[in-house]
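The values are calculated or read from the model by the stated rules, or taken from the named source; none is laboratory data. The shown structure was predicted, so the numbers you read here are calculated from the model rather than taken from an experiment. Positions of Cβ are generated from backbone atoms using ideal geometry, with glycine treated the same way; all protein chains shown enter the neighbour counts. The area values use the complete protein model at the heavy-atom level, side chains included, leaving out ligands, DNA and RNA. Shrake-Rupley method; radii C 1.70, N 1.55, O 1.52, S 1.80 Å.
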Amino acid sequence: MRDEIKKLVNAISDETGYLNDLKEAMQDQREAMKLRDEDYIKDLMDEIQEIFFNVQTCDNLRSDLAKKLAAKFSCGPKVSELARIMTDDERKIFNGAAEVLAQSVFALKSEMIILSGLIDQNEKYTSMLLSECQRIGGLGKNILQSGSTDFRG
């Protein structure tokens, strides 16, 4: 396998690994929220931030390598265009790595949708509880201020 293609495949594989780590950390965070383990949640937030930085670094490297390879062979930096300039063996490995990356991105997006839904649901419940507390608080004030009930002996 040509060196520049090998570097691109390795960058794709590294990014895939970090995306999988990020998805797992987000799942762990969801479980920690269920358990109300604040310390673990904070630790996971730090871990997620670090992993996200690694994902960004790998994504930039992958993009740069793809652009350089595309410029060298006068094609676009898309998977389909890059695959056309490769040998059958290179193409098989490259397309496999690209497919696994796409699956990891899809899985991470799914996890983010779940987390977003839970946040939205939490906001709705919190709003409902605050409204109910305000209503009950208002009723309590009205009862106390009305003077219609006398509890003196």
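Overview of values
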{"quantity": "Cα pair distances exceeding 21 angstrom across the stretch 1-72, given as percent", "calculated": "40 percent"}
{"quantity": "The chain: radius of gyration and largest Cα-Cα distance (Dmax), Å", "calculated": "26.7, 97"}
{"quantity": "Label-point separation, ARG2 to GLU38 (7 Å along Cα→Cβ), nm", "calculated": "5.7 nm"}
{"quantity": "Only Lys, Arg (+1) and Asp, Glu (-1) charged, at Cβ; the chain dipole about Cα centre in debye", "calculated": "600 debye"}
{"quantity": "Solvent accessible area, Å² - ARG62, 1.4 Å probe, full protein context", "calculated": "60 Å²"}
{"quantity": "Geometric extent, Cα atoms of the stretch 36-91 - Rg, Dmax (angstrom)", "calculated": "18.2, 54"}
{"quantity": "Heavy-atom accessible area order for PHE73, PHE94, PHE52, largest first, 1.4 Å probe", "calculated": "PHE52, PHE73, PHE94"}
{"quantity": "Using alpha-carbon coordinates, inclination of helix 88-146 to the longest axis of the chain, degrees", "calculated": "10 degrees"}
{"quantity": "Residue-averaged 222 nm ellipticity for the chain, from DSSP H runs of 4+ at -39500 (n - 2.57), nearest 500", "calculated": "-31500 deg cm²/dmol"}
{"quantity": "Listed residue pairs exceeding 18 Å between alpha carbons, taken from LYS7/LYS72; LYS6/LYS68; LYS68/LYS92; LYS7/LYS92", "calculated": "LYS68/LYS92"}
{"quantity": "Reciprocal mean inverse distance between Cα atoms of the stretch 45-131 - Kirkwood radius, Å", "calculated": "16.1 Å"}
{"quantity": "LYS67 accessible area, assembled protein chains, probe 1.4 Å, Å²", "calculated": "120 Å²"}
{"quantity": "With every protein chain in place, the stretch 44-83: carbon and sulfur % of accessible area (1.4 Å)", "calculated": "56 percent"}
